[in-house]
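Notes for the one structure printed next.
The values are calculated or read from the model by the stated rules, or taken from the named source; none is laboratory data. Please read these numbers as outputs of a predicted model, since none were measured by experiment. Glycine gets a Cβ as well: all are built from the backbone with ideal geometry, and neighbour counts include every protein chain shown.
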Amino acid sequence: MQYPSPRKGANWGRLSLIGAGLLFGGTFAHAQLANQELPGAVGNVAGHVASQREQAQEAPRNPWLEPGRSEVIPSLALYDNPHGQIGILNEDGAVQTKGHPFFTPLGTNGRACVTCHQPNDAMSISVETVQRRWKETGGKDPLFAPIDGSNCPSLPQGDPKSHSLLLEKGLFRIFLPWPPKTATGAPLKPEFTLEVVSDPTGCNFDPVYGLKGKNPMISVFRRPRVVGNLKYVMQPYAQFFNIKLGTPLEKDPETGVRVGMNLLADSRQPTLKAQAVEAGITHLQMTGMMTPEQLAVLEKFERQIFVAQIRSKRGGDLTDTPAVDGLGPAALRDGKPGLGNIESNPVFRFYDAWRADKGAKLDDQAAFRASVARGSDVFFKRPFFIRNVTYINSIGLGNPVKRQCATCHNASHTGMDVAPGWIDLGTANLPTANVSPDLPVFKLTCRPDVRPHPYLGRVIYTHDPGRAIISGKCTDIGAITMQQMRGLSARAPYFANGSAASLDDLVSYYDRRFNMGLTSTERQDLINFLSVL
Amino acid sequence: MMHARRIAGAVAMIGMVASSAALAQDQVKRLNFVGCPIVRDTEMVPCWLAEHKGELYYLGLQLDLQDPFFPPQLLHKALVEGVVTDKPRICGGIVLEPVKVATMPELDPSCNTILPAEGHVITGARRGTGPDPDVLSARNQLRARQVTKYDPPFEKKTFTVYFDFDDTYMPTRANRNVTEAMRYATASKAGSVRVIAYRGGAKLSDGTKLTEQDAVIAERVENIRFALVDIGVPAEAVSVEPKVRPERYTGVDDYKTRRVEIVVTP
């Protein structure tokens, strides 16, 4: 795959930095370096470098960022993906990975945070990358560590069947105590009983790792989430109360400041530090604790990184003229967290510059851009009946409510929900979940004296109880905290349980779930739109 | 499924808070019932009806979380407590006004009807199904930022939080009063903040009496106690009084029985 030079006439400055990248970037040579802050950037490079670059861009490469290596990630790094390129913008300048806690194996299994949060994959990891790593390392990469990189640690490791959920859907095992524990570690009495109906992974039945072990744990399987654009994710959008729950927003245990409650698929951690401590203990299998210094460096790093698609195969440079103002990582760096509205601040900003008159003769790029502009309209304005969704229909909007995608995905720039927290869209619970015979199925039976799940009642079958694993509440069964909608092209599959293999699958889910009756044009416009975010 | 009567032409949508006070109490025809809600897919925004004894009653339009009317939910029966008017039908239904609508907690799969517009037209919706226009969100933001100033002399003051039947959820309009109670308690350095939860009910027009569960009352009182302390009232100032004995409810404004009072004594 090959792109024309992004900005004609501006090649020199850019190429000089690419030269610098080759010198200083180590295995990052594939990243196009496009900023001056790279240490040791050299001046202009000789004329042959442009041709070298072209071939270098064409040759197959390994964009894997190995934990523990010494690399420099430039302040703006670009990586190829099936729809174009992702841009990773480091606001604080180039990042030296050596000794950096995000890139260093801090635990006992050789993994670092970067193992599952790869810049190449929009700071998540795509199933394509997972599969490639398997082939390259014969399944030996720490990515496949038994703890959560296999269906269950007790399975024979190294056999692809034992890693099928990671290899086929990019899913990691998330293991949480059952019955749940409160924030202080006290046992919490759940409102329902939980049985395992079936579990192809075997892990929920496992004598050591399962629900009946000495240390009883439930295993669910989830996708990593984007580590970037976090000022939007972490922002508390209300002063005191969580609009959805009607109870106060949780607080940062260290500072007492209210938090956004949008972190992780079940909002189980209030802050990035708390999340990092958990990640260290679970994913990295650290025996000790992270130091306060490591936590501070991690949080600072995570908060300065911005992630978005920056080039589109068909749409070209997404930050080029005529300008639309919501695309590319710089738009995220410069944007402010807030609620989107129709007049001055649509969720993913304006696409008017890309609109085309009906019947106008357009080249492929202009046609694609016009489709993106229409796709933003579908996302933002096309109404349909949203039905039977806990924490949308159940909080005063009525069931059904005739609205659009942006009703739930309403936060500026990320498309999260400013009314924070979890929503039962139907992706985890049966019968609305995509057919997933590879995932465990749990049967949850609510006590007669508690408020039932608003649309499924008192007996619920689910692949992932979601927030209910933390809260023990029937109302929360299958409710998943949505993740940001950025960098989608670099990190298929989608939804927390990886049940939508492609953007096309994702749109099909909504079309079916809400009877949207999308036309083929609307569908393609929506997919094109999502692909440039 | 019953069919709604057709109405030709446009029907004006009248504000929900029009005065029924003009009518003397005893002339007022109240209708309280539990029935299936029905949504009609009208242009602009859907309108909400409920069915009772083969008749359709108009409840309101799909609005926003900032508005007083929260539509009911399909898959649940609705508790409707309203006053029957002789206004022209809206959306095919007899207009109840004022009306209180609450969602009954248990699932009822038989309530699952979406009617087509069938020529019914509603007017007066402030916004369509699209995103909030700037004007509205700006206004809401302004309203959210508006802070009542509490100045001395301070005296005993009660803040009331209303709940839907058997429900513990506090939407913004409800928890706003918790915030105000906290602010008043803080401004007046209140020594006592009593949280009194009443056990309410609903008397239906057919004489049926529904009483709220006492577990719900316990949860409401604890939620509000927790919230008050969490947002800044010293824990030692707060006391709770869940009232187990049901309030008297008569079929007139029964929603007032389903409440928690926060009594702040400086």
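Quick notes on this structure:
- Odd one out for A:D317 among (1) over 26 Å from A:K231 (Cβ atoms); (2) touching a strand residue (DSSP E or B) at 6+ places or on another chain (Cβ under 7 Å); (3) of a type in the set (D, E, K, R): (1)
- Listed by first and then second residue, the pairs with beta-carbon distance under 6 Å, at least 6 apart or on different chains, first residue in region A:194-223 and more than 15 Å from A:S154 (Cα to Cα), second buried (at least 21 other Cβ atoms within 10 Å of the Cβ) and acidic (D, E), are A:V220/A:D464.
- Residue in region A:351-363 that is under 20 Å from A:I86 (Cα atoms) and at pLDDT 95 or above present: yes
- Scanning region A:385-413 for residues that are farther than 19 Å from A:R486 by Cβ, more than 9 Å from every other protein chain (Cβ to nearest Cβ) and of a type in the set (A, V, I, L, M, F, W, C) turns up A:I386, A:V389, A:I392.
- Output for region A:482-498, where each listed residue is aromatic (F, W, Y) and either within 26 Å of B:P72 (Cβ to Cβ) or part of a loop (DSSP other than H, G, I, E, B) (or both): A:F495
- Taken over region A:310-350, residues that are among the aliphatic types (A, V, I, L, M), closer than 26 Å to A:P82 by Cα and assigned to a loop (DSSP other than H, G, I, E, B) amount to 5.
- Residue in region A:385-406 that is assigned to a loop (DSSP other than H, G, I, E, B), under 27 Å from A:Q269 (Cβ atoms) and modelled with pLDDT under 95 present: no
- Strands (runs of 3 or more DSSP E) enclosed by region B:1-106 - at least 2 residues per element that are in contact with a Cys (Cβ under 8 Å, 6 or more places away or on another chain) and either within 14 Å of chain A (Cβ to nearest Cβ) or modelled with pLDDT of 95 or more (or both): B:37-41, B:47-52, B:55-61
- The numbered conditions (1) surrounded by fewer than 20 Cβ atoms within 10 Å (Cβ to Cβ); (2) within 14 Å of another protein chain (Cβ to nearest Cβ); (3) in contact with a strand residue (DSSP E or B) (Cβ under 9 Å, 6 or more places away or on another chain) are all true for A:E343 except (3).
- Residue in region A:361-380 that is of a type in the set (V, I, T), in contact (Cβ under 8 Å) with a residue 40 or more places away in the chain, within 14 Å of chain B (Cβ to nearest Cβ) and touching a Lys or Arg at 6+ places or on another chain (Cβ under 9 Å) present: yes
- In region A:458-481, of all residues being part of a loop (DSSP other than H, G, I, E, B) and surrounded by fewer than 24 Cβ atoms within 10 Å (Cβ to Cβ), the one that is nearest to the other protein chains (Cβ to nearest Cβ) corresponds to A:R458.
- Positions within region B:64-81 being buried (at least 21 other Cβ atoms within 10 Å of the Cβ) and more than 17 Å from B:I114 (Cβ to Cβ), in sequence order: B:F70, B:L79, B:V80, B:E81
- Within region A:296-309, being touching a residue at least 60 places away in the same chain (Cβ under 8 Å) and part of a helix (DSSP H, G or I) holds for A:V297, A:L298, A:K300, A:F301, A:E302, A:R303.
- Matching residues in region A:157-176 - criterion: being in contact (Cβ under 8 Å) with a residue 24 or more places away in the chain and either in contact with a strand residue (DSSP E or B) (Cβ under 6 Å, 6 or more places away or on another chain) or among the small types (G, A, S) (or both): A:S164, A:L165, A:G170, A:L171, A:R173, A:I174, A:F175, A:L176
- Filter pass, B:R173 being under 17 Å from the mean Cα position of the chain (by Cα) and part of a helix (DSSP H, G or I): yes
- Matching residues, region A:242-280, being more than 28 Å from A:I395 (Cβ to Cβ) and either within 19 Å of the chain's Cα centre (by Cα) or touching a residue at least 12 places away in the same chain (Cβ under 8 Å) (or both): A:E254, A:K273, A:A276, A:V277, A:E278, A:A279, A:G280
- Any hit, region B:153-160, residues being assigned by TED's automatic domain parsing to the domain that holds B:V221, closer than 23 Å to A:A238 by Cα and over 19 Å from the mean Cα position of the chain (by Cα): no
- Scan of region A:283-318 for residues that are modelled with pLDDT under 95 and among the hydroxyl-bearing types (S, T, Y), ordered by number: A:T287
- Of all residues making up region B:225-256, the number that are touching a Ser or Thr at 6+ places or on another chain (Cβ under 9 Å), in a helix (DSSP H, G or I) and more than 14 Å from chain A (Cβ to nearest Cβ): 2
- In region A:426-457, the residue that is nearest to the other protein chains (Cβ to nearest Cβ) out of those that are part of a loop (DSSP other than H, G, I, E, B), under 17 Å from A:V197 (Cα atoms) and without any contact (Cβ under 8 Å) to a residue 60 or more places away in the chain is A:P431.
- For region A:368-384, residues that are part of a helix (DSSP H, G or I) and either more than 18 Å from A:D325 (Cβ to Cβ) or not aliphatic (A, V, I, L, M) (or both) total 11.
- Just one of (1) buried (at least 21 other Cβ atoms within 10 Å of the Cβ); (2) away from chain B (no Cβ under 14 Å) fails for A:K212. It is (1).
- Members of region B:155-176 that are touching a Ser or Thr at 6+ places or on another chain (Cβ under 6 Å) and at positive phi: none
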